[in-house]
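The values are calculated or read from the model by the stated rules, or taken from the named source; none is laboratory data. Bear in mind the structure is a predicted one, so any value in this text is a computation, not a measurement. In this analysis, Cβ positions are derived from the backbone assuming ideal geometry, glycine residues included, and neighbour counts consider all displayed protein chains.
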Amino acid sequence: MALLNTLNEVTYILDNKQNRQQPQTTVLVIDDHPVFQDGISVILDALLAPVEIIQALNAKEAFAHANSRADLDWIFVDYQLPDSDGLSIIKELNTLMITAPIVMMSGVDDLELVSKALKLGVSGFIHKTGGKMIFKDCLDTIEQGKVYLPTDTRVRLEHYQQTVGKQNEAIMKQLSTRRMDVLLLVAEGYSNQEIAGSLSISEATVKSHVSALMSILDADSRYHCVAEARKLGLIK
């Protein structure tokens, strides 16, 4: 009996020692699909054990956890949520001074989305159809201080950025300082009359600049003009 107690004590000590040597990893997963939540939990449990996985089904729950848990080690966020989108959530998390690496997940491999996410400082992008090895590669790459992108996504993104860069260069050659001033005020919701007063130019001149902007950006409305300018990164 004494020997059994001693063995139990030794086992307890060894287990505690092992737990101290392997501190628990805390992961926040933001996704509104319970089945996917369960799937990623199984994968992360296998890769990061011991791990605590905190599930958030929407942005409200995500911010509640982010505000109450200072021990987050990883954050995985889906792009499409019922009450927000992944980019908006990342912007908000950035204001909270979250230091945990953030990985964007999406069911659509949208290069514009990937580009915007990277500009917000995400540490990686994963397609939701990826399996265990994709998550392992992602975790390993980020732990090495690098940004993770699937190889095919990285190649296509480089081509996309080069194309957008050339488009921007061609467009910028046609955008004078005054046209940029008008574009910025259009984006702020100013009317032609208000723009004229703000820039001390005639309303006819404003109309001319707006027409030129719509032609340059291949837009059929003021709203479309602003949307295209934002898409190309000309304005925020």
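Every listed requirement among (1) within 26 Å of G145 (Cβ to Cβ); (2) touching a Leu at 6+ places or on another chain (Cβ under 9 Å) is met by P82 save one, (1). Restricting attention to the stretch 158-189, the residues that are of a type in the set (S, T, Y), more than 24 Å from the chain's Cα centre (by Cα) and either part of a helix (DSSP H, G or I) or modelled with pLDDT of 95 or more (or both) total 1.
For first residues located in the stretch 90-105 and over 14 Å from F63 (Cα atoms), partners that are part of a loop (DSSP other than H, G, I, E, B) and among the β-branched types (V, I, T) and lie 6+ apart or on another chain with Cβ distances below 7 Å form the pairs V103/V122; M104/V122.
Determine which member of the set F135, F125 is crowded, with 17+ Cβ neighbours inside 10 Å and touching a residue at least 60 places away in the same chain (Cβ under 8 Å). First the steps, then the outcome.
On the way: F125 fails: touching a residue at least 60 places away in the same chain (Cβ under 8 Å).
Just a single option satisfies the conditions, and that option is F135.
Can you pull out the residues in the stretch 138-157 that are over 18 Å from I75 (Cβ atoms) and assigned to a helix (DSSP H, G or I)? Selection gives T151, D152, T153, R154, V155, R156, L157. Restricting attention to the stretch 130-152, the residues being touching a strand residue (DSSP E or B) at 6+ places or on another chain (Cβ under 8 Å) and among the charged types (D, E, K, R) number 1.
Any residue in the stretch 190-205 that is out of contact with any Gly (no Cβ under 6 Å at 6 or more places or on another chain) and closer than 26 Å to K116 by Cβ?
The first filter runs over the stretch 190-205 and keeps only residues out of contact with any Gly (no Cβ under 6 Å at 6 or more places or on another chain), leaving 190-205.
Checking the rest, the ones that are also closer than 26 Å to K116 by Cβ come to 190.
Yes, the stretch 190-205 contains at least one residue that is out of contact with any Gly (no Cβ under 6 Å at 6 or more places or on another chain) and closer than 26 Å to K116 by Cβ.
Please determine, by comparing only the residues of the stretch 117-151 that are among the charged types (D, E, K, R) and in contact with a helix residue (DSSP H, G or I) (Cβ under 8 Å, 6 or more places away or on another chain), which one is nearest to Q80 (Cα to Cα).
Looking at residues that are among the charged types (D, E, K, R) and in contact with a helix residue (DSSP H, G or I) (Cβ under 8 Å, 6 or more places away or on another chain), I get K128.
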